[in-house]
Amino acid sequence: MSDLRVGVVGVGVMGADHAERVARKTSGARLVAVADADHGRAEALAARLSEWPAGGESGSTARHSGGTAYGEGVRVVEDPLELIAADDVDAVILASPGSVHAEQLFACLDHGKPVLCEKPLTMDAASALQVVEAEHKLGRQLIQVGFMRRFDPEYAALKQLLDSGDLGRTLVLHNVHRNKSAGPAFRSEMIVRDSMVHEVDVARWLFDEEITRITVHKPKPTSVVGDGVFDPQLAVFELANGAIADVEVFVNFQVGYEVRCEAVAERGSATIGLGSGVFTRAGERWGGTMPADFRTRFEQAYDVEVQRWVDATRRGEIDGPGAWDGYAAAAVCEAGLASLSSGTPVEVALADRGNVLGT
Ligand code: ISE
């Protein structure tokens, strides 16, 4: 089977990371093109990734199985829609801003291109539902959503433990999601849509239930953020089966990246994300280290996610959260934004899955 030729749209922090992953670490895939509103950024990345092994001799053919060999080149395409339509691009990774996802996803569907779309699927529930419906009409799942926590070994082990029933029924989830810092452009709405959305998916996935109601509380904000930004936020999700999940999201924690999840069940509890790696005693201190950001903490999850997406795409399938999961998360976040401004619980308006998908 020939390599999957991948194009990456949006090469900011996450897109550049994925582009490098496809070019250098993923088997059965080749990075062929990148596009970004910042052409200079795309050019620099394409030039760097057109070399393999990094700094290797001209003409070297060394490569992993798949991957971009020296001299094969990664081209820069100005228009993302042109990249999506290109004949030499078999599949697309969308890591552009959420505000342009809807248009780019529709283009992927129009051209029959499988796509791994970073969250959020789209900016609101109505457009996300249109995407779900358009994909359903094609009769084939082309969209996978980048909820990478599902591929993290610790989260996967937690899911397996809860599904085994060994602890009895799961009743409550407590989540913590802290980033070291977020830029000044990261407003309260983005904390819901770009950060909290991960725990929205975690709760839906671990419970295998939809979220029916959300309340977003605004504790006293950190003095690090500007006026009108609510950071941290504390949210409570109520699920269809009566279970409850809570999450503290704090994107300017200053210390490091920290993501934890504790599940409380009838006969025990289980916690992941304690970060208990190497414990060191040195220089009159003891303890471990904290990852600086999500690329380090979830590196393995991203590697597994992209490798499994490539493998599934070559079989003509997806292997992970689909468009419905992206839509359901968008609907919860939309209710979350309403709760953020009203300070009261807000019901999630979710279309009937059976009516939309017939399943
Ligand atoms: C970022 O977009 C991510 O997806 C990270 O996982 C999350 O921790 C961060 O808050 C988001 O901005």
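The values are calculated or read from the model by the stated rules, or taken from the named source; none is laboratory data. These numbers were taken from a predicted model, which means no experiment stands behind them. Here Cβ is always computed from backbone atoms with ideal geometry, including for glycine, and neighbour counts include all displayed protein chains.
Residues in the stretch 12-21 that are more than 16 Å from the ligand (Cβ to nearest atom) and touching a Pro at 6+ places or on another chain (Cβ under 9 Å): 0 in all.
Of all residues in the stretch 162-176, exactly one satisfies the criterion of being part of a helix (DSSP H, G or I) and in contact with a strand residue (DSSP E or B) (Cβ under 8 Å, 6 or more places away or on another chain), namely 162. Say whether the condition of being hydrophobic (A, V, I, L, M, F, W, C), surrounded by fewer than 20 Cβ atoms within 10 Å (Cβ to Cβ) and either closer than 30 Å to residue 341 by Cα or within 12 Å of the ligand (Cβ to nearest atom) (or both) is met by at least one residue in the stretch 190-198. The answer is yes; a qualifying residue exists. For residue 159, the stated conditions do not hold, so it cannot be described as more than 15 Å from the ligand (Cβ to nearest atom), over 30 Å from residue 266 (Cβ atoms) and part of a helix (DSSP H, G or I).
For every residue, the table says whether it meets (1) surrounded by 17 or more Cβ atoms within 10 Å (Cβ to Cβ); (2) within 16 Å of the ligand (Cβ to nearest atom); (3) of a type in the set (Ser, Thr, Tyr); (4) free of Cβ contacts under 8 Å to residues at least 40 places away in the same chain.
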| site | (1), (2), (3), (4) |
| --- | --- |
| 6 | yes, no, no, no |
| 10 | yes, yes, no, no |
| 23 | yes, no, no, no |
| 29 | yes, no, no, no |
| 34 | yes, no, no, no |
| 44 | no, no, no, yes |
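For the stretch 1-36, the set of residues classified as within 20 Å of residue 107 (Cα to Cα) and in a loop (DSSP other than H, G, I, E, B) consists of 10, 11, 36, listed by residue number.
The listed residues are 213, 204, and the only one of them that is part of a helix (DSSP H, G or I), away from the ligand (no atom under 16 Å from the Cβ) and assigned by TED's automatic domain parsing to the domain that holds residue 239 turns out to be 204.
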